[in-house]
Amino acid sequence: MPLPGPGPRAALVPVEGVGVPNDERCTQCHAEIAAEWRQSLHHRAWDNEYFQHARAVEPLSFCRKCHTPLVGSSAEPSPEEGHVGIGCTACHVVPAGIVGTHNIVRRDGGHEVIGDARLGTDAACGGCHEFAFPGSRRPDVDRMQKTLTEHAQSAHAAKPCQDCHMPRVPSKKGAAHRSHDFRVQGNKDMMVRAVVVDKAEIKDDSLHIDMRPGTIGHAFPTGDLYRRVEVRVFAVDAKDKPLGQPAVEILRRIFGPAHEAPHKTVPIEREDRRLTGPRQIVLPLPKGTSRAKYEIVWQRMPPEMARKFGMKMSDHEMIAVEGIVKR
């Protein structure tokens, strides 16, 4: 039985005890989980401002497969369909019925749940979080996103995605459940734990920072190809006020064009500068600096893209780790 995933999806069919599944019907019985989902980026997969600006520049039908999976790639979603984003039925309904990690026998007023243990593993996430550039002749190589590959190579490869992004939380009634707020980018608690600075010291008018991944099961940052991290270093005064502009190193993926066919260009990755293991970063300071500050800043997009979209960059970045260093 195939797992739910990107569109186009098969048409939903009636399920005993439910009728034709729909997201509104799900929320009526699963109110606690629905409240979590409404706060998630899954719910805002289509509506979020960044995606809509990017889509206006490059309106590919390909993007609809994951951002509105029930609509798929063949049609523009209605406002109502777009507002759902990635809803209950996108992840829990297959042609055979409603799926979960365990079998549940139908009871009065309820419905059967088909148990599929894969729904609690990386396999449930891979369809939308690892994929090739559209039109690539080398889909196993030219990855637009490659979070699952990164996870398999990380120190936390034995843990499924759900352990971090869907942790068990107390339920108002009954046993604990997997949170459906899908904690991801912008979550301060997760961001703080993503990177560890083991040592930072001023030497030879430079700041030397020894850093490594923390409790993160993939590259830092991961996901969208425009995600990046800025490592900023400032000289500061006795009150820790920056003196002048920072020195910066950017952790990101770097792409170059590959001509796949006449009149068609598919990007390929030329270099990956993201944090995947221990690394020392050395950035210059003004001569004679005795006190400096560093910031490790996650960014949803480059500043020039934020300006192009008319978006406030400070709303789309977060300081993961910062510190003061004295000579």
(Q) Which pairs turn up if I take residues in segment 241-260 that are closer than 18 Å to TYR226 by Cα and at pLDDT 95 or above and look for partners that are part of a strand (DSSP E or B) and of a type in the set (Lys, Arg) with beta carbon separation below 7 Å, at least 6 apart in sequence or on another chain? (A) VAL248/ARG232; ILE250/ARG228; LEU251/ARG228; ARG252/ARG228; ILE254/ARG270
Q | So THR121, is it outside the structural domain of GLU260 (by TED's automatic domain parsing), over 30 Å from THR265 (Cβ atoms) and of a type outside the set (Gly, Ala, Ser) | A | yes
Q) Filter segment 92-139 for residues that are among the hydroxyl-bearing types (Ser, Thr, Tyr) and out of contact with any helix residue (DSSP H, G or I) (no Cβ under 6 Å at 6 or more places or on another chain); which is surrounded by the fewest Cβ atoms within 10 Å (Cβ to Cβ)? A) THR121
Q.
I'd like to check which helices (runs of 4 or more DSSP H) are fully inside segment 53-114 and have at least 2 residues that are acidic (Asp, Glu).
A. 79-84
Q.
Of the residues GLU58, GLU49, GLU36, only one is outside the structural domain of TYR226 (by TED's automatic domain parsing), crowded, with 17+ Cβ neighbours inside 10 Å and at pLDDT 85 or above; which?
A. GLU36
Q | Unmet criterion (only one of (1) touching a His at 6+ places or on another chain (Cβ under 8 Å); (2) touching a residue at least 12 places away in the same chain (Cβ under 8 Å)) for THR265 | A | (2)
(Q) Among the listed residues PRO14, PRO21, PRO2, PRO6, identify the single one that is of a type outside the set (Lys, Arg) and without any contact (Cβ under 8 Å) to a residue 40 or more places away in the chain. (A) PRO14
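The values are calculated or read from the model by the stated rules, or taken from the named source; none is laboratory data. In this text the structure is predicted, and so the values were computed from the model without any measurement. Using ideal geometry, Cβ is built from the backbone for each residue, glycine included, and neighbour counts are taken over all protein chains shown.
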